[in-house]
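Trainee: Please see the structure below; I have some questions.
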Amino acid sequence: MKRLILASASPRRKEILSKTGLEFEIIVSDCDENIDEKQPDILVMELSKLKASDIASKNPDAMVIGADTVVSHKGLIMGKPKTREEAIKMIQNFADDIHQVYTGITLIIPATTENENEQAVVKEKIQKTLEDFEKRYGKKTTYSLSEDSDAYPGKHLTVTYNVCTDVHVLPMTEEEICRYVDTGEPMDKAGAYAIQGMFAPYISKIDGDYYNVVGLPISSVYSILKEFT
C-alpha cells in the first residue's frame with residue numbers, strides 16, 4: 001500500500017483509523033477553513049477536501065484522508081462551544097429531540113496504474129461502495145469522484161462524500177445538562193458532547209453509523225482503502 005496520511009489532529013480519528021491495522025502518519029493541515037456555506041452536508045465535504053488537498057499538494061506520492069464533522073439541529077450548524085453558557089444552550093436545544101451528525105470525507109489517491117480500463121474499474125467499485133452504504137443507512141450519501149486537480153501534480157483520484165447519522169437524545173433536566181457541561185468534556189466537541197464519553201447515558205438510539213458520530217465513518221473509508229492495499 002502507498003504511504004497513507006491522515007490530515008487531522010483529532011485523537012478520536014487517529015484511534016478509529018488505527019482499528020484497521022493500516023500504518024499511517026498524521027500531518028495536520030493549516031489551510032484557511034473559513035467557508036461561507038450553511039448547508040451541513042456540503043460544508044463538511046468542502047472542508048474535508050480543503051484539508052486533504054492541502055496535504056496532498058505537499059505529499060503527491062501519498063494517499064491522503066481529510067475529514068470534517070459538524071452537528072446540525074433543525075438545519076442549524078452547531079460548532080464547538082466557546083463558553084459554558086453556549087454549551088448548555090446547545091444541549092438544551094436538542095435534548096428530547098433528534099439531531100444530525102455529518103462527516104465529510106475526502107480521499108486523494110495517486111493513480112496505481114496507467115491503464116484507463118483498470119482505473120475505470122476502480123472508480124466503479126468505489127461508486128458501488130458508496131451506493132451500498134447509502135442503501136444500508138437509508139440516507140442520501142452525496143459523493144463525487146474526479147481525476148486530477150490543480151492543487152497537486154500528477155494523476156490522482158479524488159473521492160469526496162458525506163455520511164449522516166441521526167442521533168436521538170433523551171429528555172434531560174437542567175441539573176443533568178449543567179452537571180455534564182461542568183465536566184469540561186463538551187468544550188472541544190462539535191455540538192457540545194461526546195457520544196463515546198460521559199454523554200452516552202443520554203443517547204437513546206442512533207440511526208446510521210456510530211463511528212460517523214465519533215468523527216470518522218470507518219467502514220466506508222476502509223471499504224475504499226482496501227481497493228488499494
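Trainee: May I ask you to list the residues in segment 34-49 that are in contact with an Asp or Glu (Cβ under 8 Å, 6 or more places away or on another chain) and either over 23 Å from TYR222 (Cβ atoms) or part of a loop (DSSP other than H, G, I, E, B) (or both)?
Mentor: Correct list: ILE35, GLU37, LEU43, GLU46.
Trainee: Here is a follow-up. How many residues, within segment 175-229, are assigned to a helix (DSSP H, G or I), aliphatic (A, V, I, L, M) and farther than 30 Å from ALA111 by Cβ?
Mentor: Filtering segment 175-229 for residues assigned to a helix (DSSP H, G or I) gives 175-181, 185-188, 190-192, 200-202, 210-214, 218-228.
Imposing the further condition that a residue be aliphatic (A, V, I, L, M) reduces the set to 177, 181, 187, 190, 192, 200, 213-214, 218, 221, 224-225.
Keeping just the survivors that are farther than 30 Å from ALA111 by Cβ gives 177, 181, 187, 190, 192, 200, 213-214.
Within segment 175-229, residues that are assigned to a helix (DSSP H, G or I), aliphatic (A, V, I, L, M) and farther than 30 Å from ALA111 by Cβ number 8.
Quick grid of which residues meet (1) assigned to a strand (DSSP E or B); (2) under 17 Å from the mean Cα position of the chain (by Cα); (3) aromatic (Phe, Trp, Tyr); (4) within 17 Å of ILE195 (Cβ to Cβ):
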| position | (1), (2), (3), (4) |
| --- | --- |
| ILE55 | no, yes, no, no |
| ASP61 | no, no, no, no |
| VAL64 | yes, yes, no, no |
| THR69 | yes, yes, no, yes |
| PRO81 | no, no, no, yes |
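Trainee: Which condition number in (1) in contact with a helix residue (DSSP H, G or I) (Cβ under 8 Å, 6 or more places away or on another chain); (2) of a type in the set (D, E, K, R); (3) under 20 Å from LEU157 (Cβ atoms) is the one that LYS58 fails?
Mentor: For LYS58, the exception is condition (1).
Trainee: Follow-up question, since we're still on this one. When both residues are 6+ apart or on different chains and their Cβ atoms are under 9 Å apart, which pairs have a first residue that lies in segment 24-53 and is buried (at least 20 other Cβ atoms within 10 Å of the Cβ), and a second that is hydrophobic (A, V, I, L, M, F, W, C) and in a helix (DSSP H, G or I)?
Mentor: These pairs meet every condition: SER29/LEU50; SER29/ALA52; SER29/ILE55.
Trainee: If you don't mind, another one. With ILE108, ILE126, ILE88 as the choices, which residue is outside any strand (DSSP E or B) and either modelled with pLDDT under 95 or small (Gly, Ala, Ser) (or both)?
Mentor: On the way: ILE108 fails: outside any strand (DSSP E or B); ILE88 fails: either modelled with pLDDT under 95 or small (Gly, Ala, Ser) (or both).
Exactly one of ILE108, ILE126, ILE88 is outside any strand (DSSP E or B) and either modelled with pLDDT under 95 or small (Gly, Ala, Ser) (or both), namely ILE126.
The values are calculated or read from the model by the stated rules, or taken from the named source; none is laboratory data. The shown structure was predicted, so the numbers you read here are calculated from the model rather than taken from an experiment. When we count neighbours, we look across all protein chains shown, and the Cβ atoms used for this are built from the backbone with ideal geometry, even at glycine.
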